[in-house]
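The values are calculated or read from the model by the stated rules, or taken from the named source; none is laboratory data. The model shown is predicted, which means the values in this text are computed figures rather than measured ones. Virtual Cβ from ideal backbone geometry, glycine too; neighbours counted across all protein chains shown. Please note that ligands, DNA and RNA were not included when accessible areas were found on the heavy atoms of the full protein model with its side chains. Shrake-Rupley method; radii C 1.70, N 1.55, O 1.52, S 1.80 Å.
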Amino acid sequence: MQSVALESAANGIVITDRNGDILWVNPAFTTITGYAQSEVIGKNPRLLKSGVHDNNFYSSMWQTILAGNVWQGEMTNRRRDGTLYTDDQTIAPVRDERGKITHFVAIKQDVTERKKLEQLHEDLTNMLVHDLGNPLGSIQMALESLANEPPDTPPDEHDLLMRTAQQSTTNILNLVNDFLDVVRLENGQMPLVRMKIKLSDLIG
């Protein structure tokens, strides 16, 4: 049952010897990396190295696990087809009955899509904050002008300030609604409707 559980795990699992040479991987490892089991047995996990991390990154990881501690962190790796992905890894040492480290077990989870989603949220938030600045500034300026305008201010100037404030308020509401639409789309709360359209209608 233990063997079946390891084979069926959704996360990639890698078992290496003390030197880091791969002894066993589960099918999820193949799904994540594109490497078949026969291609990695006896090899070092450095075949996944992306070049993103410097030597200090890997040295720190090895110091942690050789000291008998669990290492956990995110690592950018390279699949067999050359594409990069983000690996959320936990590497734990395995000891024998005398307490000597004999093997390492790594549990790998591909979090690439999650990282992209987090980046999208960050970009949207930054965009929202940036784009809200101009209309909020316009509203503030218009309201201050209305509050300080003299009694004999021409009606057309008064109306212009009011229209500026109203238009800026509408722009803010549109930005907020666009942001909420993206969030609903990501959460699957907004159904997509497929329909044929003419590109000329969009361009025109």
Task: Residues located in segment 1-33, provided they are of a type in the set (G, A, S), in a loop (DSSP other than H, G, I, E, B) and open to solvent by 80 Å² or more (accessible area, probe 1.4 Å) - done: A10
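Going by the structure shown, is T76 within 27 Å of the chain's Cα centre (by Cα) and assigned to a strand (DSSP E or B)? Write out each step before concluding.
On the way: within 27 Å of the chain's Cα centre (by Cα): yes; assigned to a strand (DSSP E or B): yes.
Considered against the rule, which asks whether it is within 27 Å of the chain's Cα centre (by Cα) and assigned to a strand (DSSP E or B), T76 comes out as yes.
Among the candidates D96, D81, single out the residue that is at pLDDT 95 or above and acidic (D, E). Walk me through how you get there before you give the answer.
Values: D96 fails: at pLDDT 95 or above.
It is D81.
Just to check your reading of the model, which residue among L143, L160, L185, L180 is modelled with pLDDT of 75 or more and open to solvent by 60 Å² or more (accessible area, probe 1.4 Å)?
On the way: L143 fails: modelled with pLDDT of 75 or more; L185 fails: modelled with pLDDT of 75 or more; L180 fails: modelled with pLDDT of 75 or more.
Checking each option against the conditions leaves just L160.
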Task: Of residues in segment 86-119 being small (G, A, S) and touching a residue at least 24 places away in the same chain (Cβ under 8 Å), the one least open to solvent (accessible area, probe 1.4 Å) - done: A106
Task: Meets criteria (open to solvent by 80 Å² or more (accessible area, probe 1.4 Å) and at pLDDT 70 or above) for L124 - done: no
Task: Test: D152 is touching a helix residue (DSSP H, G or I) at 6+ places or on another chain (Cβ under 9 Å), open to solvent by 60 Å² or more (accessible area, probe 1.4 Å) and at pLDDT below 95 - done: no
Task: Looking only at segment 41-65, and only at residues there that are assigned to a helix (DSSP H, G or I) and under 13 Å from R78 (Cβ atoms), the one that is least open to solvent (accessible area, probe 1.4 Å) - done: L48
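How many of the residues in segment 79-102 are more than 17 Å from the chain's Cα centre (by Cα), under 22 Å from G12 (Cβ atoms) and among the acidic types (D, E)?
Selection size over segment 79-102: 1.
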